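Taking it in order: structure first as structure tokens, then the write-up.
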Number of protein chains: 4
Amino acid sequence: MHTSYSRIIENAFEEVKALPDAGELATYIPELANVDPSKLGMHMTCIDGNHFGIGDDLHKFSIQSIAKVLSLTLAYKIVGEPLWERVDVEPSGTKFDSLLLLESYKGIPRNPFINSGAIVICDILMTHLKDTKVEFLEFVRELSDLPKLNYSDKIADSEKRTGYRNVALCNFIKSFGNITNEPEEVLDFYFDMCSLEMTCQEVSRTFGFLANEGCKISDGTKIITKNKCKRINALMLTCGFYDESGEFAFRVGLPGKSGVGGGIVALYPKNYAMVVWSPKLNKHGNSYKGMELLEKVTTHSEMSIF
Amino acid sequence: MHTSYSRIIENAFEEVKALPDAGELATYIPELANVDPSKLGMHMTCIDGNHFGIGDDLHKFSIQSIAKVLSLTLAYKIVGEPLWERVDVEPSGTKFDSLLLLESYKGIPRNPFINSGAIVICDILMTHLKDTKVEFLEFVRELSDLPKLNYSDKIADSEKRTGYRNVALCNFIKSFGNITNEPEEVLDFYFDMCSLEMTCQEVSRTFGFLANEGCKISDGTKIITKNKCKRINALMLTCGFYDESGEFAFRVGLPGKSGVGGGIVALYPKNYAMVVWSPKLNKHGNSYKGMELLEKVTTHSEMSIF
Amino acid sequence: MHTSYSRIIENAFEEVKALPDAGELATYIPELANVDPSKLGMHMTCIDGNHFGIGDDLHKFSIQSIAKVLSLTLAYKIVGEPLWERVDVEPSGTKFDSLLLLESYKGIPRNPFINSGAIVICDILMTHLKDTKVEFLEFVRELSDLPKLNYSDKIADSEKRTGYRNVALCNFIKSFGNITNEPEEVLDFYFDMCSLEMTCQEVSRTFGFLANEGCKISDGTKIITKNKCKRINALMLTCGFYDESGEFAFRVGLPGKSGVGGGIVALYPKNYAMVVWSPKLNKHGNSYKGMELLEKVTTHSEMSIF
Amino acid sequence: MHTSYSRIIENAFEEVKALPDAGELATYIPELANVDPSKLGMHMTCIDGNHFGIGDDLHKFSIQSIAKVLSLTLAYKIVGEPLWERVDVEPSGTKFDSLLLLESYKGIPRNPFINSGAIVICDILMTHLKDTKVEFLEFVRELSDLPKLNYSDKIADSEKRTGYRNVALCNFIKSFGNITNEPEEVLDFYFDMCSLEMTCQEVSRTFGFLANEGCKISDGTKIITKNKCKRINALMLTCGFYDESGEFAFRVGLPGKSGVGGGIVALYPKNYAMVVWSPKLNKHGNSYKGMELLEKVTTHSEMSIF
């Protein structure tokens, strides 16, 4: 970690910390409404192994949709390019849980990061793995060096009780024939997948391989090929923030993925993985202060892929 | 120019040259249908001034929508951030001349690279410049070091006679109040702007400043700030290829912009500007062989921002 | 029954019978694919009690969506005008199971005859009745003078196993808060409701009250007020045939309602209820020969509300 | 005119007259904003030649879209059924000037009463008539027994200066090939057609033939066949009120057509043509008090086609 980077981060953190509260807690998953809305943390893990954190970066939060990048990675690793016959790679221009485009595109989700696409990825994993929940968890444990990581029943149950929109999405896709397994079982895995809880530090460690051309930073293990790594990063840039993906690329200039738990991971390929967390969301469902913080850090450090 | 780059380009060129013909010539502008469909050229200009070309890279073609990046650059330079109150920065997920989203977003085009957005940019330039056509031409002449560059009346007239869809777009936006000048005059400039003709070499020279943090490569003149340059590049990545923007980011991994004349410009920031030209278009309106060529070059050279 | 009417019907029947087979059997409910596709029947019940039938008019068929008029009648009778806060009265312009407009209208179905609207009506009945399935069946038994009428488990089970699109619709509406009961229970009633089987004769008798200003033809019992009767008829005219409602009004000129079992009921207010049945459907999901037959009868008899 | 009818009308008129002002004047045609918003008139012409009026029924107003029924009648008379290859007969479910569905249906308007459809009808008339403006005017003069009726330049010019949305519609349809003549000329006729001014009495006389099986009431001249008359009436019922057509059928129960000048014509086939006028419009662009008045009259008199 260069000293100059840490100073930039510290200054940006103080500025954003002082901003008036804006945005709303995610309410559609009741359990997420119980989080302390004033939390703010950030952690950066560089590919040389250095890392640096500030604020609530060691406090666990629900990573929610951030996990979709991990399930996509595992499915892409297993299935390869035929994966893209089941899900497209285009920005959707619509909200995260929209059903609109599914109708025009006959059950092919626009990309793997909106809910419909992530549900199809879950279905694909279930078809290729014996014990999907266990094997996916093993994969994330390996990436994160957290051998005891587990799904959060409390979060998953909370969403299972109220996730009518996702039940609708899954059954709608099934009606087009693009879900192979039983909707109920696919959703059960989907809700569990989204329930993982980690700290900023842990998430930045977990995502390090995407900043490191597909290899785990701690020990160099090849998780995925360089070419697949590049493509996942491209997808995060064009599709990682629902109908605000263009805005994030425009303001921050890095591939990233947000979750309604208020976390955002951003990657500077060949440099670092950076994670911010602040629970209040803007109207597009992305962390309000998280986006502010990332914009300040990348603008001041002039670190961007563009 | 590294020797290895030129070898990669030569090999990719031969491979793509040999591909069976696919795609169709743009027919909606009658004049474009007269182009030799077998043309294939490429030219790369590096920020150190080296450049390298192959095939029909010294043959002039109609740059069409590629010019939209130049009009955006001029408008952004003049107006600054308030520009984005008139046009958004999100991928549209729809065809280049779609009217669909304009209705939902009350006349605010999704981004400056779809036709509706480019028309609004033309309107903005007309409001801020005295003699818009002349001043825009001066701007492109300076960027391209082509003091005699001129609009092509033949191309512009051809489109003016048949461009009903663009007349519809412009009047539709006017009905929402997001066009200030008379639709007829705005379109007159828009069609002229798209009529510029250049060679691959000339376009790659013209776009060099976007690969060079906003400064002209030949003499270092600052065209636009580093931050604005980064943002224009981000927009090209998320929105440069209509409803195939995600696919281009996924396969090629560089910011770029296509035109229905069959040209594509792609930028590797801090490295080079590369232009390909092949007139036959895929169903999304982007050059079929152009995309193939760019994918091969970037994959084999492992040059990508991701 | 005037002799002239029966002659017109006989002639029209022979003409349509002789038409080449067109259309397809409904396949999305597996059980419906087992029906003899050559069946053709028609029965007319006049408000003076006379009735007249031809062809397979005494053969039972699955009335499917035709039942939606009966559930609407019962709900309207119970709830009155506040019913329309939960469902609108506008033609949808889309397919029977489209989710598109639900998103724009925030979970308020466009009308009670598309699937989404009929599901909301089922939810409303469940909230107001103690034993919904039994009480709805009682209501239809009274209208039809069929004390032993019952749901068809075979049809209902067939649809329950494959009705993913309806599961999607119901959960989608629930996510907007416009379903009060559990989606699973609402759908269980919905599928049962659509499973009723009757003959053309029985359906025309059942629907007689709508041709008779709200009163049962056989004994004059007032089922619903004159004003409500008029309004249900108006709804059948504007919304009874999904995205072919305009076509039916244009060609036939009577209020009506179709079902994917191939049945159509049409009403000439203050005159008669007429039912046709032919299982093969056009691309809009309406009986191909049924519509032909109704058009011929109404055109030749000059019986139309216009 | 039965005495009982006139009493019902008088009572309804007083009730509605006393209602608090609601709705807004049409502002998008500047000239229409100069009308006295308190005007309220009604006139009924029966097929036996009796007629009856109340309030401002002898005051001229701009009939606007009501004229679309007359241009459709003339085009249908000339072209016959092939007319429907150029325009459909389905309710649109969208606002009067929406472009949305034109994109999905490739330039075929959903029906002849939304702006896009009426523009196509104008184009068809221009193709079949020598001097379209003169011949259409002759046709309306004959129907209305107003030999001096003329277009209003003031109204037409006002709309020509501001009708950007209609310019957009016409050019959009032209881009799909469903306009044959020059957009500018088609629109010139369209704006003139909509500029006609008449009183309630005159409009009800003009539309009498549609209540009288296609024959002029005053002298029995056959304007159109019985079958075509029935079909035009059916279209008015399903499509006469834009996205409020279902509501009008539901509440009033008669075929009708509204204009943004605040007029509404409603027909009780084989009985009468009734015209109301009150300039303030509800959010769907239909006369607020006009709809109230028609609902009261038809409900109390129990005159409805259902």
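The values are calculated or read from the model by the stated rules, or taken from the named source; none is laboratory data. For clarity, every value in this text was computed on a predicted model and none was experimentally measured. Cβ: placed from backbone, ideal geometry, glycine included. Neighbour counts: every protein chain shown. Areas reflect the complete protein model, heavy atoms only, side chains present, ligands, DNA and RNA absent. Shrake-Rupley method; radii C 1.70, N 1.55, O 1.52, S 1.80 Å.
For chain D, the longest principal axis of the Cα atoms and the long axis of helix D:115-128 meet at an angle of about 70 degrees. The mean sequence distance of close C-alpha pairs (under 8 Å, at least 6 residues apart), as a share of the length of chain D, puts its relative contact order at 28 percent. For residue C:261, nonlocal amide neighbours, meaning residues 5 or more places apart or on other chains whose placed amide H falls under 5 Å from its own, are C:65.
In µm²/s, what is D for the range B:114-206 at 25 °C and 0.890 mPa s, where D = kT/(6 pi eta Rh) by Stokes-Einstein and Rh is the Kirkwood radius from Cα pairs? Translational D for this selection: 177 µm²/s. For the residue pairs A:68/A:130; A:174/C:68; D:154/D:289; D:222/D:296, the C-alpha atoms sit more than 22 angstrom apart in A:174/C:68; D:154/D:289; D:222/D:296.
About the centre of its Cα atoms, the protein assembly as shown shows a dipole size close to 0 debye [charges on the beta carbon of Lys, Arg (+1) and Asp, Glu (-1) only; nearest 20 debye].
For helix B:3-17, report the angle its Cα long axis makes with the longest principal axis of the Cα atoms of chain B; keep it between 0 and 90° and round to the nearest 10°. Tilt of helix B:3-17: around 70 degrees. For the protein assembly as shown, the equivalent ellipsoid built from the Cα gyration tensor has semi-axes of 57, 39, 27 Å, listed from largest to smallest. Applying 1/(1 + (r/R0)^6) with r as the Cβ-Cβ distance of residue B:128 and residue D:161 and R0 = 35 angstrom yields a FRET efficiency of 0.85. Of A:127, A:73, the order by accessible heavy-atom surface (1.4 Å probe, DNA, RNA and ligands excluded), from most exposed downward, is A:127, A:73. Could you tell me how far the Cα centroid of the range D:5-41 sits from the Cα centroid of the range A:6-83, in Å? Cα centroid to Cα centroid, the span is 59 Å. The H on the amide N of residue D:195, modeled in the peptide plane, is under 5 Å from the matching H of D:152, each at least 5 residues off or on a different chain.
Computed over protein heavy atoms with a 1.4 Å probe, the carbon and sulfur contribution to the accessible area of the protein assembly as shown reaches 49%.
Here is how the number arises for chain A: DSSP H runs of 4 or more residues each give -39500 (n - 2.57), the sum is divided by the residue count, and the result at 222 nm is -13500 deg cm²/dmol. Cα gyration tensor of the range D:195-268, axes a ≥ b ≥ c as square roots of the eigenvalues: rounded (a/c below 1.5), prolate (a/b > b/c) or oblate? Since a/c reaches 1.5 but b/c is at least a/b, the shape of the range D:195-268 is classed as oblate.
Fully extending the segment from residue A:24 to residue A:48 would add 5.0 nm, taking 0.36 nm per residue of separation and subtracting the current Cα-Cα distance. Sequence-ordered 3J(HN,Hα) estimates for the range A:197-207 from the Karplus curve with 6.51, -1.76 and 1.60 and θ = phi - 60° stand at 10, 8, 8, 4, 4, 5, 5, 5, 5, 4, 8 Hz, glycine and proline given as x.
In nanometres and ascending order, the distances from the residue A:82 label point to those of the other copies are 5.2, 5.7, 5.7 (point 7 Å from Cα along Cα→Cβ). Loop-only trypsin sites (Lys or Arg not before Pro) in the range A:229-305, please: DSSP not H, G, I, E or B, and at most 12 other Cβ atoms within 10 Å. In loop regions of the range A:229-305 (DSSP not H, G, I, E or B), the sparsely surrounded trypsin sites (Lys or Arg not before Pro) are A:270, A:283. Annotation for residue B:283, label-to-label distances across the other copies: 1.7, 3.5, 3.9 nm (shortest first, one decimal, point 7 Å from Cα along Cα→Cβ). How would the range C:177-306 be classified by its alpha-carbon gyration tensor: rounded, prolate or oblate, with rounded meaning a/c under 1.5 and the a/b versus b/c comparison settling the rest? Taking the square roots of the gyration eigenvalues as a ≥ b ≥ c, the range C:177-306 is oblate.
Take residue A:60, push a point 7 Å out from Cα through the beta-carbon direction, and compare it with the same point in every other copy: 5.8, 6.8, 8.1 nm, smallest first.
Against the main long axis of the alpha-carbon atoms of chain D, helix D:153-162 sits at an angle near 60°.
Surface burial for D against C, with a 1.4 Å probe and both sides summed, reaches about 3000 Å² of accessible area.
What sits nearest the axis between copies A and D, counting only chain A Cβ atoms, is the residue and whole-Å distance A:104, 5. Quick one: grab the alpha carbon gyration tensor of the range A:1-98, order the square roots of its eigenvalues as a ≥ b ≥ c, and give me rounded if a/c is under 1.5, else prolate or oblate depending on whether a/b is larger than b/c. Since a/c reaches 1.5 but b/c is at least a/b, the shape of the range A:1-98 is classed as oblate.
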